[in-house]
Amino acid sequence: MAGGGGGRDGLIMGVSSLAQLEQNLRDCAKGPLPPDVVNALDDAWAVTKATTPNYWHLDLAYTSQG
């Protein structure tokens, strides 16, 4: 699944059943989330970012310029 923004985004999807995989693929086929949903998620991340444990052990570079 590639985003339409020309970036190098990707998606790793884990499922526990075939039905869950099928539903996830249907949802992905709907396209990008609406901007208001993305903004709400970005706002929530901004609130929790400072206290969120870092599970990524390499350099992390954010590409969003929002």
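Just so it is clear, none of the values below were taken in a lab; they were calculated from the coordinates. Note that the structure is a prediction, hence the values are computed from the model and not measured. Backbone-built Cβ (ideal geometry, glycine too); neighbour counts: all protein chains shown.
Extending 7 Å from Cα along the Cβ direction at ASN54 and again at ASP42 yields two label points whose distance is 2.3 nm. Neighbours of ASP43, meaning other residues whose beta-carbon lies under 15 angstrom from its beta-carbon, give a summed charge of -1 when Lys and Arg score +1 and Asp and Glu score -1.
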